[in-house]
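Please read the structure below before turning to the comments.
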Amino acid sequence: MKPSAHQRAERGLAELTSLPTATGHEDRVVAWVERWAKRRRSVTIKRDRYGNLMLKRVGVSSRRPIVFTAHLDHPAFVVTACDGDRVTAEFRGGVRDKYFVGTAVRLHRDGIDRPGPRGVVETLRPAEGRSFKTVGVRFVSAVDAQPGDILTWDLGAAKIKGDRLHAPACDDLAAAAAMFAAFGELLKLRRTSKRDVPDVRLLCTRAEEVGFIGAIGACKSGLIPKGARLIALENSKSFAESPIGGGPIVRVGDRTSTFDPALTYQVGQVAQALAGRDADFRWQRKLMTGGTCEASAFQALGYTATCVCLPLGNYHNMNEDHGRIEPEVIALSDYHGLVRLLVEVGKSLDDPATTVPFKAVLDRLFDDRRSLLAPKK
């Protein structure tokens, strides 16, 4: 029996969030993306000189495309040297020092799909003016590690437990899985006499975890059209007021900036309209200050951008309650809600029946009630 869209979305989620990836070494995820596109003749991929990828539907183009974007890296280690059973590596990403020493890691050799041997972090040298922290890892026997191989926390593959996904790398691969699932559904739309197929594109960026380097490069390389409306997709640290299971979050801003108000408002209108048609659809609108996302970078570099995110547990694998490294956690219901929201954004962001500019709402309100301001006789 052919799998349903729901099943395909979950399969892609489990696959992507299990893949080893690190800043500057996103090769396994890039290979997944390329396989996905190759199976669909209606999709093209363009790669810029920095290795960012833009996926586009053949024969569909506009001056103001909707671009869903997610980054392909996750905090992890990159090997710099190997001496028998000891490996030196730099850690690329934001994890506090107390989580390193004594924690198990897994080696992933370049070009080899299966996980390699297990080691334990023995030493940590803080960055202290250097770009990255440096760790010493010991294995039970000599390993054939090469510079450029990666180490990840030893957390196994993604697992589904009830409505929760526990995975080594939800940030940002769960969001990437959602945009591919949504794009797959949007590819099924056919031209009609009433409307054209929307120009929705996917941007896959690299090296986000060390300062949005891929996103900056994509802006500078010309990969992103100047008129694009960028919707950054993220996994953002959950708080009591932004709970896991409360639905995908239309993110009005992050720790650094607030996002384009008009685009954020439009995405919120799409979510509200979807909730009005389906009582089971849940969504949130929040300022998420747990980190800074690529939408801030895109805006600072002159693009129109906002963000939609999944509330995330164990942000960057840090279980703050127990003080140890654990899988990241999202709700499957939030993930499927994000897929649904992205499909609706693609279909109706430019539909005047769904999204009305806030200025137009104010003008209409004024025209209807301006008589209340008439001077008394």
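The values are calculated or read from the model by the stated rules, or taken from the named source; none is laboratory data. On a predicted model such as this, the values are computed, not experimentally measured, just so you know. So basically every Cβ, Gly included, is an ideal-geometry build from the backbone, and we count neighbours across all protein chains shown. Each accessible area value is taken on the protein alone, full model and side chains, heavy atoms only, with ligands, DNA and RNA left out. Shrake-Rupley method; radii C 1.70, N 1.55, O 1.52, S 1.80 Å.
Considered as a group, the residues in the stretch 293-342 that are without any contact (Cβ under 8 Å) to a residue 40 or more places away in the chain and in a loop (DSSP other than H, G, I, E, B) include one that is least open to solvent (accessible area, probe 1.4 Å), and that residue is ASN314. If you go through the stretch 13-40 and keep only what is open to solvent by 10 Å² or more (accessible area, probe 1.4 Å), within 16 Å of the chain's Cα centre (by Cα) and under 19 Å from ARG201 (Cβ atoms), you end up with VAL30, TRP32. Selection of the stretch 57-72 for residues being in contact (Cβ under 8 Å) with a residue 40 or more places away in the chain and more than 18 Å from the chain's Cα centre (by Cα) yields ARG57, VAL60, SER61, SER62, ARG63, ARG64, PRO65. Going by what's in this entry, would LYS161 be described as open to solvent by 20 Å² or more (accessible area, probe 1.4 Å), free of Cβ contacts under 8 Å to residues at least 40 places away in the same chain and closer than 21 Å to LEU19 by Cα? When the stated conditions are applied, LYS161 passes them.
For every residue, the table says whether it meets (1) open to solvent by 90 Å² or more (accessible area, probe 1.4 Å); (2) within 18 Å of HIS316 (Cα to Cα); (3) touching a residue at least 12 places away in the same chain (Cβ under 8 Å); (4) outside any loop (DSSP other than H, G, I, E, B).
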site	(1), (2), (3), (4)
THR88	no, no, yes, yes
VAL95	no, yes, yes, no
ASP110	yes, no, yes, no
GLY116	no, no, yes, no
GLY119	no, no, yes, yes
GLY129	no, no, no, no
THR134	no, yes, yes, yes
ALA142	no, no, yes, no
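Considering only residues in the stretch 184-221 that are of a type in the set (Ser, Thr, Tyr) and modelled with pLDDT of 95 or more, the one that is surrounded by the most Cβ atoms within 10 Å (Cβ to Cβ) turns out to be THR205. Taking the stated definitions as given, is ASP97 among the acidic types (Asp, Glu) and touching an Asp or Glu at 6+ places or on another chain (Cβ under 8 Å)? So ASP97 does not fit the description; no. One residue stands out in the stretch 335-370 among those that are under 29 Å from the mean Cα position of the chain (by Cα) and among the basic types (Lys, Arg): the one that is nearest to ALA9 (Cα to Cα), namely ARG340.
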